[in-house]
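The values are calculated or read from the model by the stated rules, or taken from the named source; none is laboratory data. Computed from a predicted model, the values in this text were never measured in an experiment. Positions of Cβ are backbone-derived with ideal geometry, glycine not excepted, and every protein chain shown enters the neighbour counts. The accessibility values were calculated without ligands, DNA or RNA, using every heavy atom of the protein model including side chains. Shrake-Rupley method; radii C 1.70, N 1.55, O 1.52, S 1.80 Å.
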Amino acid sequence: MLAMMRLLLIAALVLRAAPAADYLPVPVSVAPAQGSLIIDQSFSVAITGYQDPRTRAAASRMLDRLSAKTGMPLPSAGRGSSPAALRIECAGPGEQDESYRLEIAPGGARLSAPQPLGILRGLETFLQAVEPAPRGFSAAAVTIEDRPRFVWRGLLIDSARHFLPLEVIKRNLDGMAAVKMNVLHWHLTDDQGFRVEVKSLPRLHQAASDGLYYTQEQIREIIAYARDRGIRVIPEFEMPGHATAILTAFPELASAPGPYTLERRWGIFDPTIDPTREEVYRFLDTFLGEMSGLFPEPYIHIGGDEVNGKQWNASPRIQAFMKQRGWTDNHALQAYFNQRVQGILKKHGKRMMGWDEIFHPSLPKDILIHSWRGQKSLAASARQGYQGILSFGYYLDHMQTAAFHYQVDPMAGDAAALTPEEQARILGGEACMWAEYVTPETIDSRIWPRAAAVAERLWSPAHVKDAASLYRRLDGVARDLEWLGLRHRSGLRPMLQRLAGSSDVDALEVLVRAVEPVKLYGRSSSGDYTSFTPLNRLVDAARPESDAAREFPRDRRQARERLARWSGNHARLTPAIDRSFLLAEVRPLSEDFSAVAQAGVEAIDFLVNRRRPPQAWLDAQLALLDRAARPRAEVTLAIVAPVRTLVEEAGRIRERVRRAP
Ligand code: ACM
């Protein structure tokens, strides 16, 4: 009997379904099965059914990535053993349907989809399934049915504030595809630069870019690269505000006399296109006409945000124009401008898209509202018949945590009260990487892995929202993204070595991992940044989210060990601080880091010994924690919070009443 039970137990252990891989985004349905598919060097892929060049290219890239992930040379797509280990079957053409079905069994895997995009998405899922196992690399047996919750899952990249070379855009497109994002919103113009070649109006890129712009050939290269990965490219050309660059090239289009020069600071500026001038619309017809030919997407984003109206208010000519038409506010003038722009776009076969501010009931229902101000305005426009997407809550430059972005849902808040028909107008959202404080060197660490949290919010079913699970899976995605050439992890040490003037950066790394850059608009409030300010400080190396703080051990012994190490960190870092001007600002922070850690050590000792700390100790530690919580060098010490918890707990200890023996 006992032997029988033992046998059953062993059988159950052997036959138990392998643990589900850490898929991100979580598929709609995952049914684990028994066993696993071994991935060895005979692995090969066969493609049947509808042949699209993208599916063949994607299969070939998947093999290259599998080879990188496993470190094993693999035969290229189409060669290798037969029967193929992965059979791909695309039913037919089409550009909408992203659904797919992936079955992995010990004898082989099968990926099928109605259209090519589904194959592309399913190949990413397959790659995520491959893990090292005791008998080799393998993919656990499973049947996955999957499709996106939202059709619009975007990432905005701002190439205007800091110009980003093509390879930066490309590797981020690879990252987007890996987490099934499908729209690159490319912010190409702003006050600080005009970043695209315009052949019919060459002054734009010549006079307003510092020579940093994309040629049309390069733009086409990016569009093709993105399309190959199932990603649409939507350009944004800001108007009538955020237009200093345009007005630097064409001052005669402005609402106040020029000349203008490229803006070097960050913020909201006065130069605004003059909606009352007919030559403005002739200019836009030429410009948008050429751009409509360059970008195949049906939408062109015209910005439209943050028009401060100062030039309009100050212009007698514009005021007379408004008075004549009975308009009393600038929003009416902007709506007039938008109507004219919309007409021009329509003539060139395009639909208009813009930030919340473009919303006005006079505009036709085929425009798309991009909400950066909240679900409320998204819901309000959906109620009035307009389609929209959400970016409020998805601003990666705000340095919020992945968990923060993760809990933002386009269908929450006011949108939850919409009718199903109105809700269907909410197409999805976009994570936004505004580039005031990023460079080609740092941008990957601001986008990844946090953008993957937004990607999952927009792909996976609404009920998938466990942050602990997200973080576990983000770690795997963050690792895999490095195989794609993203530098969100590997970029850190070179930056630290620059800061320290040395390759021994262990102590600096300990500090940098315990801090976070100031959040929201914290950096802009210091006010002295320009396009030329070096972004080479500790704050630029610091990750948006401190893993050291988030993963601070609950176990007291582990916590004490870690804190004890940190308490000696300042002494280890001091030689580097003495050596490098870049680290001078870090000295008080480093001192406080170690002092806070020491406070934590002492608090744990009081707790473990159940000895009540003296009031003077308590007062001193709380004062230290208050000081250490304040931002310095534009970072905050993220470990203050867990240490404060320990100190406060120690402060609540009641001395045990001694009993007579
Ligand atoms: C925006 O952040 N002004 C779109």
Exercise for the section: Return yes or no: is ALA243 away from the ligand (no atom under 16 Å from the Cβ) and among the small types (Gly, Ala, Ser)? Expected result: no
Completion exercise
Listed by range, strands (runs of 3 or more DSSP E) wholly within region 64-176 having at least 1 residues that are open to solvent by 10 Å² or more (accessible area, probe 1.4 Å) and touching a residue at least 40 places away in the same chain (Cβ under 8 Å) are 86-90, 100-105, 108-113, 130-133, 136-146
Practice task
For region 256-272, state whether one or more residues are in contact with a Gly (Cβ under 6 Å, 6 or more places away or on another chain), more than 16 Å from the ligand (Cβ to nearest atom) and in contact (Cβ under 8 Å) with a residue 24 or more places away in the chain.
Solution key: no
Exercise for the section: Note down all Cβ pairs under 6 Å where the first residue falls in region 372-385 and is free of Cβ contacts under 8 Å to residues at least 40 places away in the same chain and over 12 Å from HIS360 (Cα atoms), the second is within 15 Å of the ligand (Cβ to nearest atom) and open to solvent by 20 Å² or more (accessible area, probe 1.4 Å), and they're at least six residues apart or on different chains. Expected result: ARG373/PHE392; GLY374/PHE392
Exercise for the section: Could you please tell me which pairs satisfy a Cβ distance under 6 Å, a separation of 6+ or placement on different chains, a first residue in region 334-353 that is closer than 13 Å to LEU368 by Cβ, and a second residue that is open to solvent by 10 Å² or more (accessible area, probe 1.4 Å) and hydroxyl-bearing (Ser, Thr, Tyr)? Expected result: LYS350/SER292; ARG351/TYR299; MET353/TYR299
Practice task
Please work out if GLU263 is at pLDDT 95 or above, over 22 Å from the mean Cα position of the chain (by Cα) and of a type in the set (D, E, K, R).
Solution key: yes
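Could you list, in sequence order, all residues of region 300-329 that are in contact (Cβ under 8 Å) with a residue 60 or more places away in the chain, surrounded by fewer than 21 Cβ atoms within 10 Å (Cβ to Cβ) and within 16 Å of the ligand (Cβ to nearest atom)?
Residues satisfying the conditions are ASP305, GLU306, ASN308.
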Exercise for the section: Check region 364-375 and report whether any residue there is surrounded by 19 or more Cβ atoms within 10 Å (Cβ to Cβ) and closer than 30 Å to ALA548 by Cβ. Expected result: no
Completion exercise
Of all helices (runs of 4 or more DSSP H) fully inside region 352-467, the set with 2 or more residues that are in contact with a helix residue (DSSP H, G or I) (Cβ under 7 Å, 6 or more places away or on another chain), aliphatic (A, V, I, L, M) and more than 16 Å from the ligand (Cβ to nearest atom) is 375-383, 402-406, 443-447, 450-459
Problem - Index of the failed condition, GLN334 passing every other in (1) more than 30 Å from the chain's Cα centre (by Cα); (2) more than 16 Å from the ligand (Cβ to nearest atom); (3) surrounded by 21 or more Cβ atoms within 10 Å (Cβ to Cβ) - result: (2)
